[in-house]
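The values are calculated or read from the model by the stated rules, or taken from the named source; none is laboratory data. Here the structure is a predicted model, which is why all the values come from computation and not from measurement. Don't worry about glycine lacking a Cβ; one is built from the backbone with ideal geometry, like all the others, and counts go over all protein chains shown.
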């Protein structure tokens with residue numbers, strides 16, 4: 001298994017497109033976190049709180065987040081990801097990043113949809129709902145720029161011209177190619193039933209991929225692969241996120257649009273990036289916080305207790321490398337079964353509890369991945385049921401881990417007694 005999986009994992013980690021997209025996604029986290037906390041503050045689901053705040057701030061209380069803060073933070077995620085992904089692609093291609101970013105922005109604006117009255121660009125075109133289009137434009141425009149630079153398809157200035165001036169002229173030819181390419185694309189799409197490039201990308205690519213990546217089967221595949229990759233000492237979460245994050249963020253954006261219209265309406269997607277952070281990777285891959293508590297409270301081995309105490313605080317904040325490498329779980333055949341089984345059981349329970357309406361689906365409000373349970377579950381769903389779900393999952397995870405850690409405990413206690 002290791003021989004078959006490692007080449008695939010190494011390819012994913014070294015692929016410049018996936019790594020650049022991952023970099024671009026990570027750069028929008030400050031916007032997402034600020035927007036998320038503002039959503040929690042403005043939409044805290046308690047009537048007494050809402051009435052109190054309305055009494056202080058008046059009608060402005062209902063507008064300050066959704067009219068002002070949200071469009072300036074989460075509403076810019078699409079265009080910011082375009083900039084950051086293009087920058088990283090150009091950096092990896094070892095070409096000047098600034099002209100590449102400028103060209104990608106021009107290309108993006110060439111195909112953006114206008115408002116119905118034609119008075120300007122639709123603001124939704126800048127948000128994460130347009131994430132796929134932004135990433136496609138970043139990849140295509142930077143590829144054209146990189147090709148022109150590497151093949152010397154540029155305007156060359158005399159040596160007497162300062163370097164910073166001549167560098168800008170090198171971007172003229174790729175800029176012209178990009179402008180006319182995306183203009184042609186816009187004109188062609190305008191004369192189809194799609195109407196806009198955004199609608200075409202959403203219909204043909206984004207919606208089908210989001211549906212595939214958020215199904216129960218797709219989620220199970222990603223969950224199992226994540227655990228298996230970690231077993232070989234490779235950061236499985238980073239590998240999985242580099243593939244899944246654009247799909248899950250697009251699903252989150254769709255949920256957010258529904259939530260903004262009505263907090264009680266049924267959101268379309270269960271699996272989003274917040275579901276990944278708060279359920280699939282709850283306290284780290286393998287839901288290991290329960291394991292850590294068992295090591296501290298129920299195991300006799302001093303080695304296990306010491307590792308457990310070291311891993312406790314990071315585990316509360318969804319970081320579990322100390323237990324993965326300190327126990328270790330990596331390449332440990334005894335712990336392989338619970339490391340895979342615990343996420344499968346818990347993610348399945350969470351998925352179907354949301355599918356059948358026992359727990360609300362994610363609202364679309366981003367949740368910082370380090371948010372501890374049960375607060376993360378509450379933020380994800382906008383309901384106390386989300387927090388209760390996380391606690392239940394950790395209890396179930398503990399039941400799955402217990403017999404296996406006791407086997408290891410007996411083994412370590414025997415070794416410690418022999419070495420005493």
Could you say which residue among 165, 106 is surrounded by fewer than 16 Cβ atoms within 10 Å (Cβ to Cβ) and modelled with pLDDT under 90?
-> 165
In segment 354-386, what count of residues is obtained for those that are part of a helix (DSSP H, G or I) and surrounded by fewer than 21 Cβ atoms within 10 Å (Cβ to Cβ)?
-> 4
Output yes when any residue across segment 407-415 is touching a helix residue (DSSP H, G or I) at 6+ places or on another chain (Cβ under 7 Å), assigned by TED's automatic domain parsing to the domain that holds residue 297 and buried (at least 24 other Cβ atoms within 10 Å of the Cβ), and no when none is.
-> no
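Take the residues in segment 337-350 that are touching a helix residue (DSSP H, G or I) at 6+ places or on another chain (Cβ under 7 Å) and either surrounded by fewer than 22 Cβ atoms within 10 Å (Cβ to Cβ) or not assigned by TED's automatic domain parsing to the domain that holds residue 303 (or both), then tell me which one is modelled with the lowest pLDDT. Before you say what the answer is, go through the steps one by one.
Here is the first cut: in segment 337-350, the residues touching a helix residue (DSSP H, G or I) at 6+ places or on another chain (Cβ under 7 Å) are 337-347, 349-350.
Narrowing further to those that are either surrounded by fewer than 22 Cβ atoms within 10 Å (Cβ to Cβ) or not assigned by TED's automatic domain parsing to the domain that holds residue 303 (or both): 337, 340-341, 344-345, 349.
Details: 337: 91, 340: 94, 341: 95, 344: 96, 345: 97, 349: 97.
Among them, the one singled out is 337.
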Is it true that some residue in segment 80-100 is without any contact (Cβ under 8 Å) to a residue 24 or more places away in the chain, closer than 30 Å to residue 181 by Cα and either outside the structural domain of residue 197 (by TED's automatic domain parsing) or out of contact with any helix residue (DSSP H, G or I) (no Cβ under 6 Å at 6 or more places or on another chain) (or both)?
-> yes
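Going by the structure shown, is residue 323 assigned to a helix (DSSP H, G or I) and either within 26 Å of the chain's Cα centre (by Cα) or closer than 21 Å to residue 269 by Cα (or both)? Walk me through how you get there before you give the answer.
Numbers: assigned to a helix (DSSP H, G or I): yes; either within 26 Å of the chain's Cα centre (by Cα) or closer than 21 Å to residue 269 by Cα (or both): yes.
For residue 323, the condition - assigned to a helix (DSSP H, G or I) and either within 26 Å of the chain's Cα centre (by Cα) or closer than 21 Å to residue 269 by Cα (or both) - is met.
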Going through (1) touching a helix residue (DSSP H, G or I) at 6+ places or on another chain (Cβ under 6 Å); (2) part of a helix (DSSP H, G or I); (3) surrounded by 15 or more Cβ atoms within 10 Å (Cβ to Cβ) one by one, residue 334 fails only at (3)
Within segment 230-241, can one find any residue that is buried (at least 23 other Cβ atoms within 10 Å of the Cβ), outside the structural domain of residue 136 (by TED's automatic domain parsing) and at pLDDT 85 or above?
-> yes
Only one of (1) in contact (Cβ under 8 Å) with a residue 12 or more places away in the chain; (2) buried (at least 17 other Cβ atoms within 10 Å of the Cβ); (3) farther than 17 Å from residue 351 by Cβ fails for residue 200. Which number is that?
-> (1)
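Looking at 301, 264, 290, which one is closer than 29 Å to residue 70 by Cα and either assigned by TED's automatic domain parsing to the domain that holds residue 360 or without any contact (Cβ under 8 Å) to a residue 60 or more places away in the chain (or both)?
Numbers: 301 fails: closer than 29 Å to residue 70 by Cα; 290 fails: closer than 29 Å to residue 70 by Cα.
Answer to the selection: 264.
Just to be sure, is residue 200 within 24 Å of the chain's Cα centre (by Cα), within 18 Å of residue 380 (Cβ to Cβ) and modelled with pLDDT of 85 or more? Talk me through it step by step, then tell me what you get.
Details: within 24 Å of the chain's Cα centre (by Cα): yes; within 18 Å of residue 380 (Cβ to Cβ): no; modelled with pLDDT of 85 or more: yes.
No; evaluated as a whole, the condition is false for this residue.
Scan 173, 179 and give me the residue that is in contact with a helix residue (DSSP H, G or I) (Cβ under 8 Å, 6 or more places away or on another chain), in the same structural domain as residue 126 (by TED's automatic domain parsing), without any contact (Cβ under 8 Å) to a residue 40 or more places away in the chain and closer than 16 Å to residue 106 by Cα. Steps first, answer last, please.
Working: 179 fails: without any contact (Cβ under 8 Å) to a residue 40 or more places away in the chain.
Result: 173 is the single residue among 173, 179 that is in contact with a helix residue (DSSP H, G or I) (Cβ under 8 Å, 6 or more places away or on another chain), in the same structural domain as residue 126 (by TED's automatic domain parsing), without any contact (Cβ under 8 Å) to a residue 40 or more places away in the chain and closer than 16 Å to residue 106 by Cα.
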